[in-house]
Structures are given as C-alpha cells and as structure tokens.
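Scroll down for the structure; my scribbles are underneath it.
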Amino acid sequence: MNVATRSLLDVEKIREQFPVLHQKVNGRDLVYFDNAATSQKPQGVIDSLTNYYQGYNANIHRGIHTLAEKATKAYEETRQLAKTFINANSEQEIIFVRGVTEGINLVASSYGRAFLKEGDEIIISGSEHHSNIVPWQILCEEKKASLKVIPISNEGELDIEAYKKLLSKRTKIVSVNHASNSLGTINPIKSIIEFAHQAGAVVLIDGAQAGAHLEIDVQPLDCDFYCLSSHKMYGPTGTGILYGKKELLEKMPPYQGGGEMIKDVTFAKTTYNDLPYKFEAGTPNIADVIAFGQAIEFINGLGKEVMAAHEQELLQYATDKVSALPSVKLVGTAEDKVSVLSFIIEGIHPFDIGQMLDARGIAVRTGHHCTQPLMDRFGIEGTVRASFAVYNTKKEIDQLVEGLERIVNFMK
Ligand SMILES: Cc1ncc(COP(=O)(O)O)c(C=O)c1O
C-alpha cells in the first residue's frame, strides 16, 4: 500500500473511544502493544453488544416477529458491510465463521475432503500461523497428500523462486498469510495467486493480520478464499468471515449439518440451503456478528490508508529506537511490513522481558506466537513482539524503549 508518511489522525480523540485504554496496570498507565493477538474495542462496538441484548435479542432468519426481524436485518447488514469491505461480488460469498481458524478448517474439511486425492500437494509458507498449518496436515494425513513449504529468507520474506519450483500439476491448494503475525512481513499475494492459478491450484489467503491494516480487494486479487477475524479488527471475538468464490462454494459440500443450512429434511434425504446459509449451521453468534459490523464501520470511518500511515510511522519510530538498544536483534526485517516489531535481547529470555515490561504496565506478547516452525527457522524459541494499532502513540513507544533500557541495564 502506498502510505503517506505523516499521520493524519487525531489519536487522542480515537483513544477516547477505547475505554479499556484508560486504566492503570501495575500502577502505571496501560500501554497496549498486543494488537496482533487481539485489538481493543471502541465504545461503538461495546454499545452494539449491549443494545442487541437489551433491545432486540432474538433468533434470526426464521422469526416473523418484530425483534427477530430487527436482529436478522442487523445481522445481514454486517454481511453487506463485509462484502463491501473486501469488494466481494455478492453477499453469497460471505460466510460467517468463528474466525480465521474456522475459515481455514472449513475449506480444508469441505473443499479438501471433496476434491483432494492421494498424491496431491498443498503448499503453505514457512511463516504460517499454526491455524494455517495444522488443518492442512490433518487433511494430508487423511488423503495421503503432501504438504510443501515455501522457504523464508533471513529477513523474513518468502522465496518466490523456490515457490515457483514447488508448484506443479499435483498442487491443489496454496494457502499463505497476507501478513505474518510474528514478523509483520507483507507477502506478495497477488503474484503468489497468479502462479498458483497457472498451475491449476486454488488459493486461500489468511488475512488475520491484514484486516485492520491493508486494503483488501478480492476481485483483482482473484483469490479463491480469504479469511478474516473480527477480533483483530477492533471487533468482538468469536466471529469473522470466510470469503469464497461463489462457483467454488456452490460445488463444495456442507461443513457442518444442522438447522439453517437445510432446505428440506426427510429421513430419506436432505437438501441444502442456498449460499451463504449452506455453511452456517445452527444459531450463529448473532450479537458479535452485529458488533463486527460496527468495527468495520469504525475502520471505514477512519480510512485504512490513513490508519496505515499512522501505524507505519509508529513502526518506523519503534524500529529505529529499539534496534539502537544494545544486544537487541530484530527478527523480521522485510521491506514491506505491517506494524509488528519482533525482537530478541541476547541473554534474556523473551518471557522475562514480557514480565518485566508488564510490571511497567506495558503489554507485549512473548513466545512463538503460534508459529513454532518459523521460530525453528530462525533457531530461536520465541521473540518479544510489540504490535501497534491506530490508538498507539510515539510516547508509548518511548515508554517501551525506556523499559527495555532498564531491563538491559538490570540484567547486565
Ligand atoms: C496470521 C494468523 N493466522 C491465523 C490466526 C488465527 O486467528 P483466530 O484465532 O482469530 O482464528 C492468527 C491469530 O493470531 C494469525 O495471526
């Protein structure tokens, strides 16, 4: 994305919308830098949950009474917002799931079980989250297919030449992240998709770390599947979307059976509902889906490009300051990154750094970030990860740097 270099946001005004940020942790103002794990929620999202339960809690789609109609309308409005957010062709291509993990499992179970056979191959990358590794391993085991892995450079970038060599007519699925949760690397998904299609494979993009940071336009991207988690986009946990091309979703068998996904049931035979409901068995997470709509509106209201400019400014500032500290080594130095800064400090365990920062009110994530094979690639157990959102400030980064300086001096 082409981002302006200066932040155009009134960050203090944005912070006012996030009640959780205004508290002391261990006696100090909270600094929340664990946004890649989950972002905080603005008041509009919180209010949306309360409004639903206080005002119109009802089950959706089948009811004809006023509350049911109101709930159905609000639920389907989020589908409309999600469709526009990623520029899908139709609402039928938007399936509500619990999050990226369930989206990937849905595709592996439904598409994978129906269309893979012995000897087929699936390609993922060396920087995948466990959610984009394990479902494919389960499928490979069941189908006697094999999993191939695109190698990662020392900077944390995918080796595209190696990827091209992995592709063959045996490749049936390519599944990679849009941006890495551990390193921040933004992957060149457009060309990854093009090469996969030339080989005849379908492509799933794990957009967990892209949803709040990068423009997503599934039509020119031409991806076959794209997954998002609401909770990493200022929305509630427990919901997200799987985008799938209509022609693929139509030929895929259902993922789960139950209410809502059926057209007609007899003991002899069941026929399935139209898209997207064929993939939404049971009562869904109504309140959270509705509040997810508020989160999308929040992002739309600020504008992703403006948000990204602010986050890139923070990333640059933090990268310069943290890398200048003694004994610090950055992990993930790709040219194109979302606002994730991963690092290690020689001689100090990431967990200890995390604990000492927490004592100063600073929340970072430490460990393998659900990317153990990636940590193995770098020969480390884990990193300290500071990830920035639209409400973070340079002053908070100064607090992080001051905390790290003290830790380094204390441990010397
Ligand atoms: C890149 C990536 N993929 C997948 C996931 C899983 O997302 P969820 O737990 O919301 O299903 C995460 C969460 O951290 C992630 O960062």
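The values are calculated or read from the model by the stated rules, or taken from the named source; none is laboratory data. Everything numeric here is computed off the predicted structure, so don't read it as measured data. Here the Cβ positions follow ideal geometry from the backbone for every residue, glycine too, while neighbour counts run over all protein chains shown. The protein model used for the area step is the full one, side chains on, heavy atoms only, and it has no ligands, DNA or RNA in it. Shrake-Rupley method; radii C 1.70, N 1.55, O 1.52, S 1.80 Å.
Yes/no per residue for (1) closer than 30 Å to ILE133 by Cβ; (2) out of contact with any His (no Cβ under 9 Å at 6 or more places or on another chain):
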{"position": "GLY282", "(1), (2)": "yes, yes"}
{"position": "THR319", "(1), (2)": "yes, yes"}
{"position": "VAL322", "(1), (2)": "yes, yes"}
{"position": "SER327", "(1), (2)": "no, yes"}
{"position": "GLU346", "(1), (2)": "yes, yes"}
{"position": "MET356", "(1), (2)": "no, yes"}
{"position": "VAL364", "(1), (2)": "yes, yes"}
{"position": "LEU374", "(1), (2)": "yes, no"}
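Quick check on region 179-199: of everything there that is over 16 Å from the mean Cα position of the chain (by Cα) and of a type in the set (Gly, Ala, Ser), which residue is farthest from the ligand (Cβ to nearest atom)? Before you say what the answer is, go through the steps one by one.
Of the residues in region 179-199, the ones over 16 Å from the mean Cα position of the chain (by Cα) are 188, 190-199.
Pick out the ones that are also of a type in the set (Gly, Ala, Ser) and you get 191, 196, 199.
Working: SER191: 19, ALA196: 19, ALA199: 24 Å.
Out of the qualifying residues, it is ALA199.
Among the numbered criteria (1) surrounded by fewer than 20 Cβ atoms within 10 Å (Cβ to Cβ); (2) of a type in the set (A, V, I, L, M, F, W, C); (3) touching a residue at least 40 places away in the same chain (Cβ under 8 Å), which one does ALA199 miss?
Only one criterion in (1) surrounded by fewer than 20 Cβ atoms within 10 Å (Cβ to Cβ); (2) of a type in the set (A, V, I, L, M, F, W, C); (3) touching a residue at least 40 places away in the same chain (Cβ under 8 Å) is unmet by ALA199, namely (3).
Among the listed residues ILE123, ILE60, identify the single one that is of a type in the set (A, V, I, L, M) and in contact with a Leu (Cβ under 8 Å, 6 or more places away or on another chain). Full working, then the answer.
Working: ILE60 fails: in contact with a Leu (Cβ under 8 Å, 6 or more places away or on another chain).
Only one candidate passes the filter, namely ILE123.
If I filter region 16-30 down to residues being in a loop (DSSP other than H, G, I, E, B) and under 18 Å from ARG360 (Cβ atoms), which single residue comes out as least open to solvent (accessible area, probe 1.4 Å)?
Going residue by residue through region 16-30, those that are in a loop (DSSP other than H, G, I, E, B) are 17-18, 22-23, 26-27, 30.
The next check asks that each one be under 18 Å from ARG360 (Cβ atoms); those that pass are 22-23, 26-27, 30.
Details: HIS22: 112, GLN23: 78, ASN26: 95, GLY27: 65, LEU30: 18 Å².
That would be LEU30.
Out of all the residues in region 118-159, which are within 20 Å of the chain's Cα centre (by Cα) and on the phi > 0 side of the Ramachandran plot?
Correct list: GLY156 only.
Among (1) touching a Leu at 6+ places or on another chain (Cβ under 9 Å); (2) touching a residue at least 60 places away in the same chain (Cβ under 8 Å), there is one condition CYS140 misses while meeting the rest; what is its number?
Of (1) touching a Leu at 6+ places or on another chain (Cβ under 9 Å); (2) touching a residue at least 60 places away in the same chain (Cβ under 8 Å), only one is false for CYS140: (2).
Has region 139-148 got at least one residue that is under 20 Å from HIS369 (Cβ atoms), open to solvent by 10 Å² or more (accessible area, probe 1.4 Å) and at pLDDT 95 or above?
Start the filter on region 139-148 by keeping residues that are under 20 Å from HIS369 (Cβ atoms), which leaves none.
So far as region 139-148 goes, no, none of its residues is under 20 Å from HIS369 (Cβ atoms), open to solvent by 10 Å² or more (accessible area, probe 1.4 Å) and at pLDDT 95 or above.
Going residue by residue through region 84-102, is there one that turns out to be more than 15 Å from the ligand (Cβ to nearest atom) and at positive phi? Break it down into steps so the answer makes sense when it comes.
Filtering region 84-102 down to residues more than 15 Å from the ligand (Cβ to nearest atom) leaves 84-94.
Among the residues that remain, those that are also at positive phi are: 87.
There is at least one residue in region 84-102 that is more than 15 Å from the ligand (Cβ to nearest atom) and at positive phi.
Condition check ((1) under 25 Å from the mean Cα position of the chain (by Cα); (2) of a type in the set (Asp, Glu)) across all residues:
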residue: PHE267; (1), (2): no, no
residue: PHE292; (1), (2): yes, no
residue: ILE296; (1), (2): yes, no
residue: GLU305; (1), (2): yes, yes
residue: ALA308; (1), (2): yes, no
residue: THR319; (1), (2): yes, no
residue: LYS329; (1), (2): no, no
residue: ALA334; (1), (2): yes, no
residue: LYS337; (1), (2): yes, no
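Tally up the residues in region 81-99 that are open to solvent by less than 80 Å² (accessible area, probe 1.4 Å) and either basic (Lys, Arg) or assigned to a helix (DSSP H, G or I) (or both), please. Break it down into steps so the answer makes sense when it comes.
Step one: list which residues in region 81-99 are open to solvent by less than 80 Å² (accessible area, probe 1.4 Å), which gives 81-83, 85-88, 90-97, 99.
Add one more test, that the residue is either basic (Lys, Arg) or assigned to a helix (DSSP H, G or I) (or both), and what stays is 81-83, 85-86, 91-93.
Here the count works out to 8.
Test GLY235 against the criterion of being at pLDDT 95 or above, within 15 Å of the ligand (Cβ to nearest atom), open to solvent by less than 20 Å² (accessible area, probe 1.4 Å) and not hydroxyl-bearing (Ser, Thr, Tyr), and give yes or no. Walk me through how you get there before you give the answer.
Values: at pLDDT 95 or above: yes; within 15 Å of the ligand (Cβ to nearest atom): yes; open to solvent by less than 20 Å² (accessible area, probe 1.4 Å): yes; not hydroxyl-bearing (Ser, Thr, Tyr): yes.
Yes; evaluated as a whole, the condition is true for this residue.
What number of residues within region 113-132 satisfy the criterion of being in a helix (DSSP H, G or I), open to solvent by 40 Å² or more (accessible area, probe 1.4 Å) and within 13 Å of the ligand (Cβ to nearest atom)? Give the steps one after another, and end with the answer.
Looking only at region 113-132, we keep the residues that are in a helix (DSSP H, G or I), and these are 113-115, 130-132.
When the remaining residues are screened for being open to solvent by 40 Å² or more (accessible area, probe 1.4 Å), the result is 113-115, 130.
With within 13 Å of the ligand (Cβ to nearest atom) added as a condition, the list becomes 130.
The qualifying residues number 1.
Only one of these is touching a His at 6+ places or on another chain (Cβ under 6 Å) and modelled with pLDDT of 95 or more: THR84, THR72. Name it. Please lay out each step first, then the result.
Numbers: THR84 fails: touching a His at 6+ places or on another chain (Cβ under 6 Å).
Just a single option satisfies the conditions, and that option is THR72.
Quick one: would you say ILE262 is surrounded by 14 or more Cβ atoms within 10 Å (Cβ to Cβ), touching a residue at least 12 places away in the same chain (Cβ under 8 Å) and not charged (D, E, K, R)?
On the way: surrounded by 14 or more Cβ atoms within 10 Å (Cβ to Cβ): yes; touching a residue at least 12 places away in the same chain (Cβ under 8 Å): no; not charged (D, E, K, R): yes.
Criteria not met by ILE262.
Among the candidates VAL11, VAL107, which residue alone is crowded, with 21+ Cβ neighbours inside 10 Å and either under 25 Å from the mean Cα position of the chain (by Cα) or away from the ligand (no atom under 16 Å from the Cβ) (or both)? Please lay out each step first, then the result.
Values: VAL11 fails: crowded, with 21+ Cβ neighbours inside 10 Å.
Matching residue, one of VAL11, VAL107: VAL107.
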